[in-house]
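What follows is calculated from the coordinates using simple rules that are stated; it is not laboratory data. Please read these numbers as outputs of a predicted model, since none were measured by experiment. Every residue, glycine as well, gets a Cβ built from its backbone with ideal geometry; the counts of neighbours run over all protein chains shown.
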Amino acid sequence: TDQLILTAPVSVGRIVLGKYMALVTVLAIPTLIIGVAPLFLMQMGAFQTGISYTSLLGFFLYGCLGLAVGLFFSSLTESVVISAVLTFTVLFLGYIMSGLCSMISGFGTTKAAEYVSEFLTCFDMVGRFDALSSGYFQVESVVYYVSLTAFVLFCTVQSIQKRRYAVSGRGIRLGAYNAVY
């Protein structure tokens, strides 16, 4: 599929957006099905629908970010295993980042530890999810997920574009054969 992507008459941005929207659709279908459950539970008695739907929104946005990160690492390497391991590593680091920040800030009250801890909180993906899952709709969390997803998709387009120009400059290698233009 790399050869098709690199030589397609369609722009790289449209290819990446199409692949990403297909992934988001696969995530959105079960999320929408789960979104029906609070409506049934509300019929049975008192139920807090606000907390349920903000949690579901947080889950969906966090999932969209995870899909974008996976798509980015998939664009960097041809190996599925390497991209899966890199994606898992980055998402795991985003998961434990709040603990790392508190550990770094616990080392002392130096300005350097404070600056490093403050910088690393930018990569705390789960802290914003926790805010949404507790029932508080925070625009900051939604903007964080949407902007970070857009940035990662932009990096994906740039990565594929770089490979596209690298291939067009020296020909396409097909195992033992070369196709030079």
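To the nearest 10 degrees, how steep is helix 49-76 against the longest Cα principal axis of the chain, on a 0 to 90 scale? Tilt of helix 49-76: around 20 degrees.
Sorting the segments 49-57, 139-147, 65-73 by their mean number of nearby beta carbons within 10 angstrom, highest to lowest, gives 65-73, 49-57, 139-147. If the segment from Leu93 to Leu41 were pulled out straight at 0.36 nm per residue, it would be longer than the present Cα-Cα gap by 15.2 nm. Nearest 10 degrees is fine. How inclined is helix 139-170 to the longest principal axis of the chain, computing both from alpha carbons? Approximately 10 degrees, to the nearest 10.
Protection proxy ranking, highest mean first, for peptides 39-46, 24-31: 24-31, 39-46, where packing is the per-residue count of other beta-carbon atoms within 10 Å, averaged. Please give the helix 80-105 orientation as an angle from the longest Cα principal axis of the chain, in degrees from 0 to 90, rounded to the nearest 10. Tilt relative to the chain: about 40 degrees.
With a Förster radius of 25 Å applied to the C-beta separation of Val139 and Ile82, the computed FRET efficiency comes to 0.10. Shape call for the stretch 1-127 from the C-alpha gyration tensor, a ≥ b ≥ c root eigenvalues: rounded (a/c under 1.5), prolate (a/b greater than b/c) or oblate? Note, shape of the stretch 1-127 comes out oblate.
Once the Cβ-Cβ distance of Gln161 and Thr25 is raised to the sixth power relative to R0 = 22 Å, the FRET efficiency obtained is 0.35.
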